1. Among the residues of region 262-280, which ones are on the phi < 0 side of the Ramachandran plot and in a loop (DSSP other than H, G, I, E, B)?
2. I need the full set of residues from region 48-68 which are modelled with pLDDT of 95 or more and of a type in the set (Lys, Arg), in order please.
3. Out of all the residues in region 248-261, is one or more touching a Leu at 6+ places or on another chain (Cβ under 7 Å), assigned to a loop (DSSP other than H, G, I, E, B) and not assigned by TED's automatic domain parsing to the domain that holds residue 168?
4. Assuming residue 277 fulfils every condition listed in (1) surrounded by fewer than 21 Cβ atoms within 10 Å (Cβ to Cβ); (2) of a type outside the set (A, V, I, L, M, F, W, C); (3) under 28 Å from residue 73 (Cα atoms) apart from one, which condition is it?
5. I'd like to check something: does region 235-249 contain any residue that is exposed (fewer than 14 other Cβ atoms within 10 Å of the Cβ), polar (S, T, N, Q) and over 18 Å from the mean Cα position of the chain (by Cα)?
6. If I ask for residues that are within 14 Å of residue 133 (Cα to Cα) and in contact with a helix residue (DSSP H, G or I) (Cβ under 6 Å, 6 or more places away or on another chain), which ones from region 191-208 would you list?
Amino acid sequence: MSVTDISYRRRFLASGNVYLPHIAVIEKVIDETPGERAIRTFHFNFKDEKLREEFTFESGQFALYSVFGAGEAPFCISSSPTRGDHLEFAVLQIGKVTNALHRLGVGAEIGFRGPYGNEFPLDFLQGKNLVFVAGGIGLAPLRSLVWNVMDNRDKYENIDIIYGARSPSDLCFKYDLDAWDKDKTVNMVTTVDRGDESWTGRVGFVPKVLEEVAPSANNAVAIVCGPPIMIRFTFPVLEKLGFTPEQMITTLEKRMKCGIGKCGRCNIGNLYVCRDGPVFTYAQIKNFISSEY
């Protein structure tokens, strides 16, 4: 039985309706980036106190969030299961549902159904050097894993985080970047495609900076997430550095709609992102990622 099937039985079989969402209340809104394509992080909790106490998920899983009257859309759960006082998800303002979400404030009610999908393989990652490579809002699913790892630091070896965005103002989760940069057990590298008059850090595309940092592939796993073009150009760099396809992991959110493998919108080759992912090794997807993602 897949993780998706388990989630289905656990969360929705009792209600008899797999599409029936739970009601959640927004408790905090953080403006991550400015502009017309702004990114906001929402902190929320379930209205049902029993569900709030019993709810569990794993880093890497996603959910469907709904604004009543506007629709629903899938986003990863960007908070860590090791920090259970609330849940978080981040939204790029780009369409009907995301615009509706961005209009909501503290106290607003939203729908939530999930968790869906598989998770990052923590057992496989334990005892290894971890290389996190992210671009833009692609840091959202990785930050759940990063904090999960940081809260169990003794189980992992060296940690490298390479994160980039188009410009300094497009960098997300700056409070996390600052915390990781101050942590002496983490090698934090931040880059932007284009700097400005106040930027004193690295300038360069994420794959190029990754090649310059050149983390060792020895006893290591690379976890990658970002825009499709970034992912496409990052894998060859990792291979050049000696990482095998089995040592590379990514998480995808391509065209997911129903969340349970029924609508068929998120297929890549013979895989469905919502049912078989969203977490995949490069070995699973390398044969078709360049043409379909």
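1. Within region 262-280, 262, 263, 265, 266, 270, 277, 278 meet the criteria.
2. Answer for region 48-68, where residues must be modelled with pLDDT of 95 or more and of a type in the set (Lys, Arg): there is none.
3. Yes: region 248-261 contains one or more residues that are touching a Leu at 6+ places or on another chain (Cβ under 7 Å), assigned to a loop (DSSP other than H, G, I, E, B) and not assigned by TED's automatic domain parsing to the domain that holds residue 168.
4. Unmet condition: (1).
5. Yes, that holds for at least one residue.
6. Within region 191-208, 191, 192, 206, 207 qualify.
Here is a yes/no grid of residues against (1) farther than 17 Å from residue 253 by Cβ; (2) surrounded by 18 or more Cβ atoms within 10 Å (Cβ to Cβ); (3) out of contact with any Ser or Thr (no Cβ under 8 Å at 6 or more places or on another chain); (4) not assigned by TED's automatic domain parsing to the domain that holds residue 135:
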residue	(1), (2), (3), (4)
76	no, yes, no, yes
81	yes, yes, no, yes
93	no, no, yes, yes
98	no, yes, yes, yes
102	yes, yes, yes, yes
106	yes, no, yes, yes
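Here's the yes/no breakdown for (1) crowded, with 19+ Cβ neighbours inside 10 Å; (2) more than 23 Å from residue 242 (Cα to Cα); (3) assigned by TED's automatic domain parsing to the domain that holds residue 77:
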site: 134; (1), (2), (3): yes, no, no
site: 165; (1), (2), (3): yes, yes, no
site: 181; (1), (2), (3): no, yes, no
site: 186; (1), (2), (3): yes, no, no
site: 212; (1), (2), (3): no, no, no
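The values are calculated or read from the model by the stated rules, or taken from the named source; none is laboratory data. The shown structure was predicted, so the numbers you read here are calculated from the model rather than taken from an experiment. No Cβ is skipped: glycine too gets one built from the backbone with ideal geometry, and neighbour counts run over all protein chains shown.
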